[in-house]
Amino acid sequence: MKIKLATALILCSAIFMSMSNATDPCASQPDDSDLNVIPMYGKCSPFNPQKTDSWDNRVLNMASKDPARMSYLSSLVAQKTVSSAPIASGQAFNIGNYIVRVKIGTPGQLLFMVLDTSTDEAFIPSSGCIGCSATTFSPNASTSYVPLECSVPQCSQVRGLSCPATGSGACSFNKSYAGSTYSATLVQDSLRLATDVIPSYSFGSINAISGSSIPAQGLLGLGRGPLSLLSQTGSLYSGVFSYCLPSFKSYYFSGSLKLGPVGQPKSIRTTPLLRNPRRPSLYFVNLTGITVGKVNVPFPKELLAFDVNTGSGTIIDSGTVITRFVEPVYNAVRDEFRKQVTGPFSSLGAFDTCFVKNYETLAPAITLHFTDLDLKLPLENSLIHSSSGSLACLAMASTPKNVNYTVLNVIANYQQQNLRVLFDTVNNKVGIARELCN
């Protein structure tokens, strides 16, 4: 009898809930299994604050927000025009790097920033900076300048550590670059490259520097980290960019930085782009061998090996001036080069294989072999001349005797003159093609 009574009560409860759901269109299913789509300002919506409003007024109110939505949708359109910023050698600034012309702030302040594929964050000397040059960025003159708090996610990315447990304040950090150090505050402002304006671009506003290697008008980081130009403009440029670096002898902005997939070369030889978790910002490729003239230079191939455990391998870098190989590889390349050129040889600065320019016609071509791609360097990219013009030197060297770099081979900017170098971080490939951009 008790079992029958309990069963009857359960049936009655189920019938009551079913009747309630039938009479109340806003009621949920008892097991929360329903997934209903309802108008935001409809009768059943919890976001409907004005129950007395007419439906017509609600539609008018919602329609008034359409222009902002249309503006947002138009910003998602695929890139149709070529975005190309001019590049020049740093001769005018007495530096061995390449510079790109940009504008920072609103209205835009013209700066010539060093282009660096192995650095993530941009940094710019600002007015009041201790130890900086006369040409700096003026935050007070920009209406779009915003200093960032320590609590924002970008701060931990640039600092490498979290904020103090107590208090917030500005996002201040210290960094080293090429043997110098600087202190900066993380800020946001508009960045203009060619015709593109990137609002709320995060960069370091430098307050003080120590050393002489900090670029006078700042640096634009094109690395693979979260604060690089590529990461901050992912939806705009789709993780693709390329550059053509003009000759070091050129004083003109004849090179170009092309951003996004539009306007990139359609037919270009490529090699796989690799990622090394020990050095995640760098652009690694697989260098498999080196030929001098017709001789495939012998050396242990493990010296070129890509290794995620040690961070070793070969990178393509726009900030290093001359290509550097690990010492045993460089010595083997240099010795074979010397065999094919009439000596005697002398040293000049970083170059240990200099010879009388009259013998330049005997200099063999150097070919770098990558997976699926062979790059034969023009003589302009493998030889450098003394200021007097009487000597020609092999424009390569061994890596510095520093524990942080002894495992890296670096294909540097001197060897990239008049080449279009394409980086596609989505399809993981690097393309290289000859292009005269002097």
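The values are calculated or read from the model by the stated rules, or taken from the named source; none is laboratory data. Predicted, not measured: the structure shown is a model, and the values here were computed from it. No Cβ is skipped: glycine too gets one built from the backbone with ideal geometry, and neighbour counts run over all protein chains shown. For the accessible areas, the whole protein counts, side chains as well, though only heavy atoms, and no ligand, DNA or RNA atoms are used. Shrake-Rupley method; radii C 1.70, N 1.55, O 1.52, S 1.80 Å.
Just the number please: accessible area per residue for segment 317-438, 1.4 Å probe, all protein chains included, in Å².
Using a 1.4 Å probe on heavy atoms only, each residue of segment 317-438 averages 42 Å².
Using alpha carbons only, what's the Rg to Rh ratio of segment 265-434 with Rh from Kirkwood?
0.96
Please list Asp352, Asp189 from largest to smallest accessible area, probe radius 1.4 Å, with all protein chains kept in place.
Asp352, Asp189
How much length would be gained if the chain were fully extended between Ser200 and Val82, taking 0.36 nm per residue of separation minus their Cα-Cα distance, in nm to one decimal?
Using 0.36 nm per residue and subtracting the Cα-Cα distance, I get 40.3 nm.
Calculate the FRET efficiency for Gln91 and Glu327 from the Cβ-Cβ distance with a Förster distance of 25 Å, rounded to the nearest 0.05.
Details: r = 30 Å, r/R0 = 1.20.
The calculated FRET efficiency here is 0.25.
What net charge do the residues around Asp120 carry, taking every other residue with its C-beta under 13 Å from that of Asp120, with Lys and Arg at +1 and Asp and Glu at -1?
Its environment carries a net charge of +2.
Net charge near Phe351: determine it from the other residues with C-beta under 13 Å of the C-beta of Phe351, scoring Lys and Arg +1 and Asp and Glu -1.
+2
How much accessible surface area, in Å² rounded to 10, belongs to the heavy atoms of Thr195 with a 1.4 Å probe?
Around 100 Å² of this residue is reachable by solvent.
Tell me, what % of the accessible area of segment 265-434 is carbon and sulfur with a 1.4 angstrom probe?
Answer for segment 265-434: carbon and sulfur cover 54 percent of the accessible area.
When the accessible area of segment 84-255 is computed with all protein chains present and a 1.4 Å probe, what percentage of it is carbon and sulfur? Mind showing how you got there, number by number?
Details: 3680 of 6940 Å².
Summing carbon and sulfur atoms, their accessible area is 53 percent of the total for segment 84-255.
Find the centroid of the Cα atoms in segment 182-214 and in segment 287-357, then give the distance between the two in whole Å.
35
Restricted to Cα positions, what overall size does segment 136-254 have along the principal axes? Three whole-Å values, descending.
52, 36, 30 Å, listed from the longest principal axis down.
Put Arg420, Arg324 in order of accessible area, largest first, 1.4 Å probe: what do you get?
Numbers: Arg420 5, Arg324 60 Å².
Greatest to least solvent exposure: Arg324, Arg420.
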